[in-house]
Each structure stands twice: as structure tokens, then as C-alpha cells.
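Working notes, structure below.
The values are calculated or read from the model by the stated rules, or taken from the named source; none is laboratory data. This is a predicted model, so every value here is computed, not measured. Note: ideal-geometry Cβ built from the backbone for every residue, glycine included; neighbour counts use all protein chains shown. Areas reflect the complete protein model, heavy atoms only, side chains present, ligands, DNA and RNA absent. Shrake-Rupley method; radii C 1.70, N 1.55, O 1.52, S 1.80 Å.
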Amino acid sequence: HAKASGRGRAEHFTDALATRIAERAQLESDLRQAVDKDQFALVFQPQVSAVDGSIVGAEALLRWRHPDGLKLPGAFIDRAEETGLIVEIGEWVVNNVAETISRWGRLGVRQRLAVNISPRQIDHAGFFRRLREAMHAARAPAALLELEITETLAMHCSPDVLEAISALRADGASIAIDDFGTGYSNLARLRELPVDRVKLDRSLVEHVADQPEARTIAQAVIALVHGLGCEAVAEGIESEAQAAVLRVIGCDILQGYAIATPMAEEDFLSWARAVTPRRAMG
Ligand code: C2E
Ligand code: MG
Ligand code: MG
Ligand code: MG
């Protein structure tokens, strides 16, 4: 009897495993075709000044219009990294970001646009060359480009990558450390990195309005960021109460659903025009 149920469990387990393997294979094959089939899109989430609420830029976030429905990066970015497909997808993203910056410029919306870069992408020889080519081809000013790299990537990037980042910064682009507070930072190393902004992860922001300790931690992190000569950006702000605390404790830039959700380009442009005084629109 025990044997029979044991076998039953084993069969159930192998079935589940087989299903997972099949799903992963399907996801990979769908991902391989997604660029060619023009299934990717970018949405744009505003970033605003904590001082006066004016728009300071936006973050480009990837969406996959899969035939079965819209997929968020959480459903495919890891697989894209594992398979190396992130290199091709990242190239699509970078080309689009360059074209978007340029298109917005023609529409009189001079806003900085931040793009997320995965470790696998940045390690790939040619990433920075293609990024420059994309910006150049689109006639997009480097000053309007920001690269978001994670804390862990920033801590481990090679001297070559560091040099390429410095060159890009010399051209006027900026660098933001994403998801700060989720990894393990060597603070001495952070000091040596060419960084302009540090984005406090949502987990650091979540309880600033209801837990005094969380507020103390966020305040200390912001002081650290300022001490390093960088601007502090808070991400994942979901309530006005959180935004209010972040303003008081000196955060520079705010981003989150409470300010605006990621939007399709048309909606983002309307939003940007509505919050920006006319004379600043160029
Ligand atoms: P991230 O760079 O930390 O982006 C912030 C994520 O939080 C986004 O999720 C955004 O939609 C979401 N978010 C914004 N405001 C709020 C809020 O108030 N509350 C909550 N709960 N969430 C909020 P999304 O778009 O699903 O992207 C997830 C992650 O996927 C990003 O995290 C980024 O690491 C990665 N990613 C997105 N686009 C790209 C891309 O083009 N290339 C690469 N390599 N990675 C990307
Ligand atoms: Mg990001
Ligand atoms: Mg983040
Ligand atoms: Mg991230």
C-alpha cells in the first residue's frame, strides 16, 4: 500500500516536472520569436521632484504582448537572462529608448529616460558600442539617458564595464543604482562607483509612514546617498502618506503608483504636459 502511494506521488512529481519543463521550453521558444513578431512594448513611469512635484524624467519598463495576454517582466526576464535572449531583447529596448528620447525631443518634451540593464546584457561585449550607436543614429542626446543597474551588478562589474560606464557618463548620461537595499553593498566600493542616483527599493519605502524604524532607516540611507554626492530616488510609493514622509526626510525624486503608474507613450505625454509649465516644455 505504502509502495503504491509512494509511486503515485513519484508519478505526480514527474508529471509536474514534465509540465514545468514543457512550459519553460514553450516560454523560451515564444521569447525567441517575440522580437521578430514585434510583441514588445515599453511603458513609461514618471519620476517627479520631491520639492515641487514637477516631472524630472521617466523609467522605461518592458511589456510583452504575448498572444495569451500581456506579460510583465517578472514572467520572462529571468528566463531571458538564463538563455541569453536578454541580449537581443535588451538591444530592442535600447534602440527603442533612443528613438523615444529623440521623438519626445521633437515633440518638445525634453525628459530624461531611464532604462533597466540586466547583468547579462552589460557583460556582453559590444553592449556599450551598440548603445552609443543607437543614441547616435536616433540623434538622442546622451544627457537624457539614464542607465539603471542593480546594486549587485554595480558591486561586481569588471574594470572594462566600469570604464565604459565612465565614458558614457562623460558624454552626459547618468547612472542610477536600482533596487538599493536589497543586495549586499560594500559601501567603500559604492563610493568609487560613477553613480548619479540611488533608487531606494520599495522594501525600504513600504513602511516609512507607519513604522518609525523604517523611517529612521530610510532617512539614514538618504543621508548616505547624499553623502556620496548622489540624488536619492524612492520607488514603489503607493500612498500620499509615504510620499509626505519621504519629502520630509530629504528624498529628492519620487516614483510609484501614488504619483503615476507606468503608462503607454500617449498617456505619458499627456501626463507630462499636464504637470509641466508651458515655458519649461521647450
Ligand atoms: P524595477 O526596475 O525595480 O522597476 C520597478 C517595478 O515596480 C516595475 O515593475 C514597476 O511597474 C513597479 N512599480 C512601480 N511603481 C510601483 C508601486 O507603487 N508599487 C508596486 N508594487 N510596484 C510598482 P515591472 O514593470 O513589472 O518590472 C519589474 C522589473 O523588471 C524591473 O524592476 C526591472 O528590474 C525589470 N525590467 C523592466 N523592464 C526592463 C527592461 O527593459 N530590461 C531589463 N533588463 N529589465 C527590465
Ligand atoms: Mg528600474
Ligand atoms: Mg527597482
Ligand atoms: Mg530592478
Open item on the list: From the list Leu70, Leu42, Leu62, exactly one residue is assigned to a strand (DSSP E or B) and in contact (Cβ under 8 Å) with a residue 60 or more places away in the chain. Which is it?
Closed with: Leu42
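Every residue, every condition in (1) under 30 Å from Arg112 (Cβ atoms); (2) more than 16 Å from ligand 3 (Cβ to nearest atom); (3) of a type in the set (Phe, Trp, Tyr), yes or no:
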{"residue": "Gly8", "(1), (2), (3)": "no, yes, no"}
{"residue": "Ala18", "(1), (2), (3)": "no, yes, no"}
{"residue": "Ala60", "(1), (2), (3)": "yes, no, no"}
{"residue": "Trp64", "(1), (2), (3)": "yes, yes, yes"}
Task: Restricting the stretch 227-262 to residues that are of a type in the set (D, E, K, R) and outside any loop (DSSP other than H, G, I, E, B), the residue that is surrounded by the most Cβ atoms within 10 Å (Cβ to Cβ) - done: Glu231
TODO: Report yes if some residue within the stretch 180-197 is open to solvent by 80 Å² or more (accessible area, probe 1.4 Å), in contact (Cβ under 8 Å) with a residue 12 or more places away in the chain and within 16 Å of ligand 2 (Cβ to nearest atom); otherwise report no.
DONE: yes
Open item on the list: Looking only at the stretch 151-180, count every residue that is under 17 Å from Cys230 (Cβ atoms), at pLDDT 90 or above and either in contact with a Phe, Trp or Tyr (Cβ under 9 Å, 6 or more places away or on another chain) or within 16 Å of ligand 4 (Cβ to nearest atom) (or both) and tell me the total.
Closed with: 8
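Can you find a residue in the stretch 135-149 that is in a loop (DSSP other than H, G, I, E, B), modelled with pLDDT under 95 and within 16 Å of ligand 4 (Cβ to nearest atom)? Outline the logic, then answer.
From the stretch 135-149, those in a loop (DSSP other than H, G, I, E, B) are 138-141; that's our starting set.
From the residues that got through so far, the ones that are modelled with pLDDT under 95 too are none.
No: the stretch 135-149 contains no residue that is in a loop (DSSP other than H, G, I, E, B), modelled with pLDDT under 95 and within 16 Å of ligand 4 (Cβ to nearest atom).
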Task: Residue ID - nearest to Ile117 (Cα to Cα), chosen from residues in the stretch 78-104 that are within 9 Å of ligand 1 (Cβ to nearest atom) and buried (at least 21 other Cβ atoms within 10 Å of the Cβ) - done: Gly90
Open item on the list: What pairs come out if I take residues in the stretch 241-258 that are at positive phi and modelled with pLDDT of 95 or more and pair them with residues that are away from ligand 3 (no atom under 15 Å from the Cβ) and among the small types (Gly, Ala, Ser) whose C-beta lies under 9 Å away, six or more apart or interchain?
Closed with: Gly250/Ala50; Gly250/Ala223; Gly256/Ser239; Gly256/Ala243
- [ ] Take the stretch 118-157 and flag every residue that is without any contact (Cβ under 8 Å) to a residue 12 or more places away in the chain and open to solvent by less than 60 Å² (accessible area, probe 1.4 Å).
- [x] Gly126
Open item on the list: Pairs needed: first member in the stretch 86-104, among the acidic types (Asp, Glu); second member anywhere, open to solvent by less than 40 Å² (accessible area, probe 1.4 Å); C-beta distance under 7 Å; at least 6 residues apart or different chains.
Closed with: Glu88/Val35; Glu99/Ala138
